[in-house]
Each structure stands twice: as C-alpha cells, then as structure tokens.
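Below you'll find the structure, written out as structure tokens, and then a few comments.
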Amino acid sequence: MDGFGAVSAAAEPSLTVSVYNYSPASAVEIRRAEQEAAAVFQRAGIEVSWVNCPIDNAVCGTESTPPDVILRILGRRPGGALKSPLGYAIPGGYASVYALNAYSSAECAGVDGSVVLGIAIGHELGHVLLGGLEAHSRRGIMQAKWGKKDLRAADQRALGFAPDEARKLRAEVVLRSHTIMASITR
C-alpha cells in the first residue's frame, strides 16, 4: 500500500468531530464521505465519531462529550477567497471543505464524489491536528494537490496518512483527549 498501510493498535485513540453541513449535499452523501474519512483515520490507528449537527445550533453535543474538532461542509469555494480548492483549516481549531468542488474533482477523475469529499475531510482534519501548510507532504493524503492518479488511489482506499503522520496524529488526538477530559473534570 505504498507505505500507507493499516496501523494496528490495542486501544485506538478516538476523535469526535462535530459536522455542520451548509452545502447542498444530502445527509446520505455526507454520511458516505464521513465513512471514507473515518476509514483513512482508522488505517492511521484513530477511531472517528461523527456528530451531525443542525446548522441552526451553534453548540452541538453535550458538556460531557465536547467535540475535538469542528467540521464545516460548505457548497462551493468563493472566487479568489482561498487558494485551496477543496477546503481549508485553522490548525488547532476547525476545518472547512467545499462539497461541490470535491464533486467536480471527482467527476474529472471518474471516481465517486463521496470518496473525494471524504479524503478532503481527512486532509483538512489532518491540518487541524498536524498544523498548517507545513503539514503538507510529497505524497499521500497530506499532499497539497491531488492528481487523477491520487484520486483513483483514494477510490481504492490506497491514499492515506504516511506512518510518521499517523504517529503524530495519534499523539495529538491522545493529547486533545486528555486536555478535554481535564477541562470537564475541573
């Protein structure tokens, strides 16, 4: 699998993502994209839980289970507002992806739109956890731009985090879990 194979772990760290869908993508399409992103994280040794939030609710979840990350799914990238065509992230904060841009890229590559939306979600969540542009890599899910070959690899579930990225992700997720638990018990 090109160095992007599965990681075995006795107890996988877990990440909770609150999802706000502001796009025209259906709940079914979002769920499929979440499954694709979860599979990428699972291969990196991280279990992801998704909390799909109503867009009119600024706070989603409960105090006992706050989200680790917030994900916004938007329609199309505004012209010239951002350089990244599929999304952007605020390291340590939240991620945003553009569903319609992901579907357009998928159509050009001849792959399922939910796959591309899912890896875009994985990529942007990777930035939240690993850092800004410096987290880009030469290959895999964290490369800055994907070509048709990469999108076809994603369609075969062969695009993922490199082993060193997976290790850093697991450490960051564990650190976030401890920080959140400490803030709840105060």
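Values quoted throughout were computed directly from the atomic coordinates according to the rules given, and no laboratory measurement underlies them. For clarity, every value in this text was computed on a predicted model and none was experimentally measured. With ideal geometry, Cβ positions are generated from the backbone for all residues, glycine too; neighbour counts draw on all protein chains shown.
Results, tabulated for the structure shown:
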read-out	value
Farthest toward positive dipole pole in region 14-177 [+1 Lys/Arg, -1 Asp/Glu at C-beta], among Leu74, Tyr103, Ser18	Tyr103
Theoretical gain in end-to-end length, Arg152 to Asp56 [0.36 nm per residue, Cα-Cα removed]	31.0 nm
Ranked packing of 94-104, 141-151, 161-171, most packed first, by mean Cβ within 10 Å	94-104, 161-171, 141-151
Projected label distance in nm at Gln35 and Ser49, using a 7 Å step from Cα toward the beta-carbon	2.1
